[in-house]
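A quick write-up on the structure given underneath.
The values are calculated or read from the model by the stated rules, or taken from the named source; none is laboratory data. All values reported here derive from a predicted model rather than from experimental measurement. Neighbour counts run over all protein chains shown; Cβ positions are idealised from the backbone, glycine included. For accessibility, only protein heavy atoms count, side chains too; no ligands or nucleic acids. Shrake-Rupley method; radii C 1.70, N 1.55, O 1.52, S 1.80 Å.
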Amino acid sequence: WLVDATREVTDICLAIDTPNLEVMRVGLEGACRKGPGMINSTTGQADKLSAFMKLAKEFNARIIGLSIDENGVASTADAKVEIGMRVLAAAMDVGIATDEVYLDPITLPLNCAQDAPGIMLETIRQFKLLSDPAPHVVIGLSNLSQGAIERGLINRAFLVMAIQAGLDASIHDPLDEELMNAMITAE
């Protein structure tokens with residue numbers, strides 16, 4: 001219902017967010033009728049990766065690949081890049097162009113993983129070198145500042161650095177005027 005109602009007023013890309021393959025199929029059927037769709041998301045786990053890539057190909061949908069596999073969330077840049085390569089290889093295997101893939105290095109909260117920002121920036125740089133054309137890189141920005149006091153400041157500072165490293169997209173608060181101004185200036 002929500003996808004159909006949204007499609008009545010816009011033809012922009014709709015991201016369908018569910019781990020359930022059948023729910024994703026129904027969502028993409030509605031989303032891709034009148035515009036592009038996106039799968040949010042798959043992991044690097046072999047069974048999920050294969051099934052979601054086939055679905056992305058079937059609906060000509062973009063897809064987000066998370067830096068998560070059978071071992072959980074990757075904790076180093078090398079491990080994140082290895083999963084990213086797996087995601088890109090799976091996309092290419094079914095005929096999806098690498099620039100239709102969005103890799104998400106998974107943002108960990110700074111207050112529990114103080115090395116997270118450095119790892120994220122290095123991962124973003126390396127993701128952009130994995131193929132030609134390069135995959136897109138997306139992050140859930142607010143995850144970084146979760147539990148911190150100066151969330152806005154942390155998000156702004158990191159977003160500017162991430163854009164410089166090659167970030168293409170961010171899930172963030174579009175009503176945060178200072179964040180939006182920082183993003184526009186960095187771009």
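The test for being surrounded by fewer than 18 Cβ atoms within 10 Å (Cβ to Cβ) and at pLDDT below 95 does not hold for Pro133. Go through the residues of segment 139-146 one by one and say whether even a single one is open to solvent by 30 Å² or more (accessible area, probe 1.4 Å), farther than 23 Å from Leu55 by Cβ, free of Cβ contacts under 8 Å to residues at least 40 places away in the same chain and part of a loop (DSSP other than H, G, I, E, B). Yes, the conditions are met somewhere in segment 139-146.
Matching residues to (1) of a type outside the set (Lys, Arg); (2) closer than 20 Å to Leu167 by Cβ; (3) in contact with a helix residue (DSSP H, G or I) (Cβ under 7 Å, 6 or more places away or on another chain):
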site: Arg7; (1), (2), (3): no, no, yes
site: Pro19; (1), (2), (3): yes, no, no
site: Asn60; (1), (2), (3): yes, no, no
site: Leu88; (1), (2), (3): yes, yes, yes
site: Ile106; (1), (2), (3): yes, yes, no
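Considered as a group, the residues in segment 106-130 that are polar (S, T, N, Q) and at pLDDT 95 or above include one that is most open to solvent (accessible area, probe 1.4 Å), and that residue is Gln126. Of all the residues that make up segment 86-110, how many are over 14 Å from Met53 (Cβ atoms) and either in a helix (DSSP H, G or I) or in contact with a strand residue (DSSP E or B) (Cβ under 8 Å, 6 or more places away or on another chain) (or both)? So the answer is 6.
The residue of segment 1-24 that is nearest to Leu66 (Cα to Cα), among those that are in a loop (DSSP other than H, G, I, E, B) and open to solvent by less than 60 Å² (accessible area, probe 1.4 Å), is Thr18. Residue check: is Val73 under 18 Å from Thr123 (Cα atoms), open to solvent by less than 20 Å² (accessible area, probe 1.4 Å), in contact with a Leu (Cβ under 8 Å, 6 or more places away or on another chain) and of a type in the set (Val, Ile, Thr)? Here the answer is no, as Val73 does not meet what is asked. Taken over segment 171-187, the residue count meeting the criterion of being among the aliphatic types (A, V, I, L, M) and part of a loop (DSSP other than H, G, I, E, B) is 1. Restrict the check to segment 84-94 and report whether at least one residue is closer than 27 Å to Arg151 by Cβ and basic (Lys, Arg). No, because not a single residue in segment 84-94 is closer than 27 Å to Arg151 by Cβ and basic (Lys, Arg). Taking the listed residues Leu55, Leu49, Leu28, the one that is touching a residue at least 24 places away in the same chain (Cβ under 8 Å), part of a helix (DSSP H, G or I) and under 15 Å from the mean Cα position of the chain (by Cα) is Leu49, with no other qualifying.
Once segment 90-104 is narrowed to residues that are in contact with a helix residue (DSSP H, G or I) (Cβ under 6 Å, 6 or more places away or on another chain) and within 16 Å of Asp168 (Cα to Cα), the residue that is surrounded by the fewest Cβ atoms within 10 Å (Cβ to Cβ) is Thr98. Among the residues making up segment 147-170, those that are hydrophobic (A, V, I, L, M, F, W, C), exposed (fewer than 15 other Cβ atoms within 10 Å of the Cβ) and not in a loop (DSSP other than H, G, I, E, B) are Leu153, Ala169.
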